[in-house]
Amino acid sequence: MRVDIDKQDIANALADTRKKFDRAKAGLIISFNLLGVVFCAAMFGLWRAVTAITATAPALSVDGVLNAFHENPAPFYLFCASASFAIAAILTAVAIFKARRKRAAAHKEEALNHSLNAGRFEFIFSAEKLTIMGPLAVKKISWQNIRAIEKRKSSIVFHRKDGGYDFIPKNVIPNDNFYDLMMVKHGSLINKACPYEEAHLAKPLSIVYEAVRGDLDDYYAQYFKKRDGKLFFIRRLCAWKPWAPFLFLTFAALAVASGFVAFQTYSLVQAGAAIAAALAAGAILVTKSSYFRGPAHPFRKNADWPYAQTDLTTVSLNKEGVFHARHGATDIIKWGAFSGYAESKRFGYLVIAPKQVIALPKRAFLNKAHFEDFTLYAKRNITLAKKQKSDAEHGRMMRSLGDKEAQQQLPAPVPKAVAAPTQKPRPAPAVAAMARPGPSPQAAPAQVKPQIKPAPKGAQAKPSPKPAPQTAPAKPALVKPAQTPTQARPAQQQAAPTPEAPEKPQTSKPVKKPAPKMPSETAAILNSALKKAAQLEAKAKQQEAASAQQAETPPEKKTAAE
């Protein structure tokens, strides 16, 4: 099934997948409740302070207030502290609200600009897995890896076990029973234990490792530092790892102290405080048990490279893109989908979107050279894909320019096409072809026969080798029908002007008139050939006139004129 997904469909899917009550909303409610308690306490303190001040200073004047302050300054201190707490609570609530809205806008912007979300997709539903073929990636998701399939207001959402989801807009579904038929066919496999064959589809590839939640800590530290800016220290303070043992020791000490006092004084309040502190310490011990147990130390492949170990997630690089297989899901992502590369002390990251990366733990590589070669190949292909994408966009922009530049560029080659056919062999057949319908080639042999007799007289007066270079380049096409020796060529040239003289305007006029009306390249070539033929005919006539003058004058003058 082919599906075209645009930004509006992505926005509708975000609205569908947004939970009514999630951790973010719960945290917001708790924060506003705490701030409300602080504000109410501050307002109560203000009321008490104002009441005490009015009691000591019945006259609301500057002198009366000063006298009241000298007599009893405690209400004034309470007033200042309460006012500061109230203002701080209001400002904190406003800052939290703005930060939440900014985070929601950033989340929406990331989803809309995600390189793998928009475009034309093809959904293939097979018995074993769901295959999604997109413009930049191919996803193969086994049905066991899908946690749930939900039919929402504007889309059908496939929730994966790793927290992500895929969706199909309802406006492209062929019928209303599509969801029911899909659940009947594949509903029994959803949210089941994934077999090893489906969970690990990778072949022996470049690197294999076991992915854990800590693999993305370094990347998110860089991401939040870039996003939050100066307020990043608050997140770092909250994410301080020693908080767990520090709070555990604090609550444990409070529990011991309160219990000791409770046994000494038989106070139920102290006993309750001891029990509450003990429960808090136990909750911290259970939730942060991994911290108290210590980090796992896997077997090392190479002592010089302490990051190496063997895992199950597979990442492989090739010319087409990245092959990423983990937890029953296989992604084949093209290089054009990646936006960059990031690196920390222990990890390398192939960044697709701000919150979607492929981790490359250094522990998964054999040595430093292996890691550098792997990342260098990835960075080179990412840069090449960006360049190809920018070149394609530049070419598309150049092709979409207006007609002004096109009109300026198109007339440039037209004069070249007219002036290009300057080759000498092409006009020869054109001259012969255009000379056939005229009477000049037919009348030439008829008039040459009676004029052959006076030719030897001129030939005896001048040497034989001199007329040869004059007649050879003049007009070779007119010599063929005469078939006379070289001495008779001047006689033919003398007889030629009598029939061709009246034909000169007939041949020149039809050639010159249609020339500007021929727009094609072939017509331009023919026009240039005709012009060349007319020039050759003019030269021939000039030579005939010169030969006639040479016949009347002595040979010495002839050579001087030449």
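Yes/no per residue for (1) at pLDDT 90 or above; (2) open to solvent by 70 Å² or more (accessible area, probe 1.4 Å):
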{"site": "3", "(1), (2)": "no, no"}
{"site": "60", "(1), (2)": "no, yes"}
{"site": "64", "(1), (2)": "no, no"}
{"site": "76", "(1), (2)": "no, no"}
{"site": "83", "(1), (2)": "yes, no"}
- Name the pairs: first residue in the stretch 6-27 and more than 14 Å from residue 153 (Cβ to Cβ) and assigned to a helix (DSSP H, G or I), second residue among the basic types (Lys, Arg) and open to solvent by less than 80 Å² (accessible area, probe 1.4 Å), Cβ to Cβ under 8 Å, at least 6 apart or on different chains? 24/100
- Restricting the stretch 292-312 to residues that are outside any helix (DSSP H, G or I) and either modelled with pLDDT of 90 or more or among the aromatic types (Phe, Trp, Tyr) (or both), which is least open to solvent (accessible area, probe 1.4 Å)? 305
- State all residues of the stretch 38-78 that are outside any helix (DSSP H, G or I) and of a type in the set (A, V, I, L, M); if no residue qualifies, say none. 57, 59, 60
- Message: Let me confirm something: among 111, 127, which residue is open to solvent by less than 20 Å² (accessible area, probe 1.4 Å) and not in a strand (DSSP E or B)?
- Response: 111
- Qualifying positions in the stretch 345-379 - part of a helix (DSSP H, G or I) and either open to solvent by 60 Å² or more (accessible area, probe 1.4 Å) or within 18 Å of residue 214 (Cβ to Cβ) (or both): 362, 363, 364, 368, 372, 373, 376, 377, 379
- Which residue, of 322, 315, is within 30 Å of residue 128 (Cβ to Cβ), free of Cβ contacts under 8 Å to residues at least 60 places away in the same chain and either part of a strand (DSSP E or B) or aliphatic (A, V, I, L, M) (or both)? 322
- Task: Of the numbered conditions (1) among the aromatic types (Phe, Trp, Tyr); (2) open to solvent by 80 Å² or more (accessible area, probe 1.4 Å); (3) at pLDDT 80 or above, residue 233 fails exactly one; give the number of that condition.
- Result: (3)
- Kindly indicate whether any position in the stretch 89-100 is under 30 Å from residue 159 (Cβ atoms) and open to solvent by 60 Å² or more (accessible area, probe 1.4 Å). yes
- With the condition kept exactly as written, say whether any residue in the stretch 236-247 is modelled with pLDDT of 85 or more and either over 25 Å from residue 345 (Cβ atoms) or touching a His at 6+ places or on another chain (Cβ under 6 Å) (or both). yes
- Within the stretch 122-130, is even one residue basic (Lys, Arg) and without any contact (Cβ under 8 Å) to a residue 60 or more places away in the chain? no
- Return a yes/no flag: does the stretch 177-191 have any residue that is over 16 Å from residue 1 (Cα atoms), assigned to a loop (DSSP other than H, G, I, E, B) and free of Cβ contacts under 8 Å to residues at least 60 places away in the same chain. yes
- Residues in the stretch 93-107: is at least one more than 36 Å from the chain's Cα centre (by Cα) and assigned to a helix (DSSP H, G or I)? yes
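The values are calculated or read from the model by the stated rules, or taken from the named source; none is laboratory data. Only a predicted model underlies this, so the values are computations on that prediction, with no experimental measurement involved. Cβ atoms come from the backbone with ideal geometry, glycine included; neighbour counts cover every protein chain shown. The protein model used for the area step is the full one, side chains on, heavy atoms only, and it has no ligands, DNA or RNA in it. Shrake-Rupley method; radii C 1.70, N 1.55, O 1.52, S 1.80 Å.
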